[in-house]
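The values are calculated or read from the model by the stated rules, or taken from the named source; none is laboratory data. Only a predicted model underlies this, so the values are computations on that prediction, with no experimental measurement involved. Please note: Cβ atoms are built from the backbone with ideal geometry, for glycine as well, and neighbour counts cover all protein chains shown.
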Amino acid sequence: MSPDDLGNHSDTLRYTATRDELRSFVPTGARRVLDVGCADGGFGATVLRAVNPGAELWGVEPVAAAAQVARGVYDTVVTGLFPEDAADLPIGAFDAVFMLDVLEHMVDPEAALRAASPLLAPEGVLVASIPNVRHYDVWWPLVRHGRWTYTDIGLMDRTHLRWFTRSSIVELFVATGWEVMTLEGINRSEPVGWKARAIARFGRAHTEDMFFVQYAVTARPLQVASS
C-alpha cells in the first residue's frame, strides 16, 4: 500500500481497511482478542478469523454506524472511546490487544496504553500500527515547499492529533510501561526520479526509515518482561 493509496481514498476507507499486511503480527492460538478502533470489523473478518478461527473477538469503536456493522463479525463490540467508555472490559482476559492506526487519533495515547496493560492475559501482547511522520511524502513538501497539507485520510489525515517517528514510538511505549518486542516498518514505498536522487544524497543509513508509511509494534507489559 503506497502513501497515495492511503491518502486519496474517500473517508470510507477509514472504516473498511482489512490490513492484510499485519497478518504475520497476529499471535496464533489467541483465544480472546480485543481490537481497539475496530471500525466495521474488516480486520477481524479477514485476518483475525483466518489466523485464529475460533477466537472470541471483542472490539471498541467510537463511530456508532461502524460499530453496528462490526457486530456482525465480532462477538462483543463496545461503542465509544477507549479507555473512557470501556471500563467494563474484563481484566487479564485478552491474549492480544490490537491498536491499528488509532493512537495518533487520541488526545492521550499514553492513557490508552496504560489502560491496555491490565487487560492482557499473562502471556498476552499488544500489537499496534502507527503512521511514520518521517516518511518522505510528509517531510519533502515541508522542506522543499514549506507545505503541511492535511488530507481526508492517510499520513496527513486531518483527524490525527499526534505524530510519531520510529524513535518516538519506542519512547511512547517505554514511558507507559511496555517492552517493545518488535518494531518493523510496513507498507514500504520508494520515491522515483529526481526525488529519489535527491534523497539518495543523504545516504542510505540516514534515510531507511523514510520509506515506511507505518511501523508495526509488538509489545508486552514491562512487569511481565522482567518477571
How many residues are under 23 Å from residue 107 (Cβ atoms), touching a Phe, Trp or Tyr at 6+ places or on another chain (Cβ under 9 Å) and modelled with pLDDT under 85 if we restrict to segment 149-195? 1
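Which residue out of 39, 66 is crowded, with 16+ Cβ neighbours inside 10 Å, at positive phi, aliphatic (A, V, I, L, M) and touching a helix residue (DSSP H, G or I) at 6+ places or on another chain (Cβ under 6 Å)?
Values: 66 fails: at positive phi.
Among 39, 66, only 39 is crowded, with 16+ Cβ neighbours inside 10 Å, at positive phi, aliphatic (A, V, I, L, M) and touching a helix residue (DSSP H, G or I) at 6+ places or on another chain (Cβ under 6 Å).
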Being of a type outside the set (A, V, I, L, M) and more than 23 Å from residue 185 (Cβ to Cβ) is the filter; apply it to segment 111-133 and report the residue that is farthest from the chain's Cα centre (by Cα). 122
Scanning segment 153-182 for residues that are polar (S, T, N, Q) and assigned to a loop (DSSP other than H, G, I, E, B), the one surrounded by the fewest Cβ atoms within 10 Å (Cβ to Cβ) turns out to be 159
What number of residues within segment 70-94 are buried (at least 21 other Cβ atoms within 10 Å of the Cβ) and more than 16 Å from residue 116 (Cβ to Cβ)? 3
Being under 24 Å from residue 25 (Cα atoms), assigned to a loop (DSSP other than H, G, I, E, B) and at pLDDT 95 or above: is that true of residue 44 here? no
The listed residue being part of a helix (DSSP H, G or I) and surrounded by 21 or more Cβ atoms within 10 Å (Cβ to Cβ), out of 113, 142: 113
I'd like the residue in segment 68-109 that is assigned to a helix (DSSP H, G or I) and under 14 Å from the mean Cα position of the chain (by Cα) and, out of all such residues, is nearest to residue 213 (Cα to Cα). 104
